[in-house]
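The values are calculated or read from the model by the stated rules, or taken from the named source; none is laboratory data. If you're wondering where the values come from, they're calculated on a predicted model, not measured in any experiment. Because the Cβ atoms are built from the backbone with ideal geometry, glycine has one as well, and the counts that use them run over all protein chains shown.
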Amino acid sequence: MSAAPVETAVRVNGVVKSYGRGETRTLALKGASLEARFGELLMIVGPSGCGKTTLLSVICGTLDVDEGAIEVFGHDLAGMSTGAITKFRGENVGFIFQQFNLIPTLTAVENASVPLLLRGEPTRRAEARAAAVLGHMGLGGRERSYPRELSGGQQQRVAISRALVHEPRLIICDEPTASLDAATGQRTMELLKESALRPDRCVIVVTHDSRIFHFADRIAEMEDGRVVGVHLPKDFHHV
């Protein structure tokens, strides 16, 4: 299998994705194409319902596609079995969500260690690694706190720690600042860019939050199931 050029981490080519059948069939993606590069933070923006979250889902293999191709780190997801995609995702992808998705009955360090435990790491080793990442996120001393004992910004930092603990090469973020106030959102993006962005990684962020556009290296604009343009932040005029 030939690999994508080294600078290209993710390639989406002519992807069509629909939901339902017959008269209820709805097209979410209508031939979407996009490239995300190693070493960049790419933002995907556009109005609600334009297909942003669906595009994220097909990139990480949680949804299959009707037409088109998805290539991640040179691997054609369409040519992989469900089990192979699940394994690939567990080894290569980290997720950060708007609602944090922390498990309320687990402490910060237990939440952050989940990806390592799912991979079969011993609990002590997994929690030691998770504690180190939490410390880097400014949460030293809060490792044994439960989500209910943490602020929204602190919970998001636990979520970022969980996304990064297994050293993924692709970090997927779906509205990571939407539940945060402006100052906390800015700090969250600073931490994300400082901690996640490396030459061998790619960070893709779906957002409506124009306050964080300046953190992007490039901004992909979506409308009606398609990517209609890719801009530098300084050239992107959000309406």
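So which residues in the stretch 61-96 are assigned to a strand (DSSP E or B), more than 18 Å from Val205 (Cα to Cα) and among the aliphatic types (A, V, I, L, M), if there are any at all?
The one that is assigned to a strand (DSSP E or B), more than 18 Å from Val205 (Cα to Cα) and among the aliphatic types (A, V, I, L, M): Ala69.
If you go through the stretch 6-17 one residue at a time, do you hit one that is hydrophobic (A, V, I, L, M, F, W, C), loosely packed, with under 15 Cβ neighbours inside 10 Å and either on the phi < 0 side of the Ramachandran plot or not in a loop (DSSP other than H, G, I, E, B) (or both)?
yes
Any residue at all in the stretch 25-43 that is within 18 Å of the chain's Cα centre (by Cα), closer than 30 Å to Leu180 by Cβ and of a type in the set (Phe, Trp, Tyr)?
Scanning the stretch 25-43 turns up at least one residue that is within 18 Å of the chain's Cα centre (by Cα), closer than 30 Å to Leu180 by Cβ and of a type in the set (Phe, Trp, Tyr).
Would you mind finding the one in Ala178, Ala163 that is surrounded by 19 or more Cβ atoms within 10 Å (Cβ to Cβ), small (Gly, Ala, Ser) and closer than 25 Å to His136 by Cβ?
Of Ala178, Ala163, the one residue that is surrounded by 19 or more Cβ atoms within 10 Å (Cβ to Cβ), small (Gly, Ala, Ser) and closer than 25 Å to His136 by Cβ is Ala163.
Going by the conditions given, is His214 farther than 28 Å from Gly74 by Cα and modelled with pLDDT of 90 or more?
When the stated conditions are applied, His214 passes them.
Go through Glu127, Glu194 for me and flag whichever is farther than 30 Å from Ser18 by Cβ, crowded, with 18+ Cβ neighbours inside 10 Å and not aliphatic (A, V, I, L, M).
Answer to the check: Glu127.
So that you can scan it fast, the table gives a plain yes or no per residue for (1) part of a helix (DSSP H, G or I); (2) under 28 Å from Val10 (Cα atoms); (3) modelled with pLDDT under 90:
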{"position": "Ala126", "(1), (2), (3)": "yes, no, no"}
{"position": "Ala132", "(1), (2), (3)": "yes, no, no"}
{"position": "Arg142", "(1), (2), (3)": "no, no, no"}
{"position": "Val158", "(1), (2), (3)": "yes, yes, no"}
{"position": "Pro168", "(1), (2), (3)": "no, yes, no"}
{"position": "Cys173", "(1), (2), (3)": "no, yes, no"}
{"position": "Thr188", "(1), (2), (3)": "yes, yes, yes"}
{"position": "Ser195", "(1), (2), (3)": "yes, yes, yes"}
{"position": "Pro199", "(1), (2), (3)": "no, yes, yes"}
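Considering only the stretch 100-113, I want to know if a residue exists there that is under 15 Å from the mean Cα position of the chain (by Cα) and either of a type outside the set (A, V, I, L, M) or assigned to a helix (DSSP H, G or I) (or both).
yes
State yes or no: is Gly94 crowded, with 21+ Cβ neighbours inside 10 Å and under 19 Å from Ala196 (Cβ atoms)?
Yes.
Give the number of residues within the stretch 72-90 that are of a type in the set (D, E, K, R) and either more than 19 Å from Leu164 (Cα to Cα) or out of contact with any Gly (no Cβ under 7 Å at 6 or more places or on another chain) (or both).
Number satisfying all stated conditions: 2.
Please go through the stretch 10-52 and give me each residue that is in contact (Cβ under 8 Å) with a residue 24 or more places away in the chain and of a type in the set (Lys, Arg), ordered by number.
Those that are in contact (Cβ under 8 Å) with a residue 24 or more places away in the chain and of a type in the set (Lys, Arg): Arg11, Lys17, Lys30, Arg37, Lys52.
Within the stretch 49-63, is even one residue touching a Gly at 6+ places or on another chain (Cβ under 8 Å), at positive phi and buried (at least 19 other Cβ atoms within 10 Å of the Cβ)?
Looking for residues that are touching a Gly at 6+ places or on another chain (Cβ under 8 Å), at positive phi and buried (at least 19 other Cβ atoms within 10 Å of the Cβ), one finds at least one in the stretch 49-63, hence yes.
Mind listing just one residue for me: the one in the stretch 204-235 that is part of a loop (DSSP other than H, G, I, E, B) and touching a residue at least 24 places away in the same chain (Cβ under 8 Å) and, of those, farthest from Lys52 (Cα to Cα)?
That would be Asp217.
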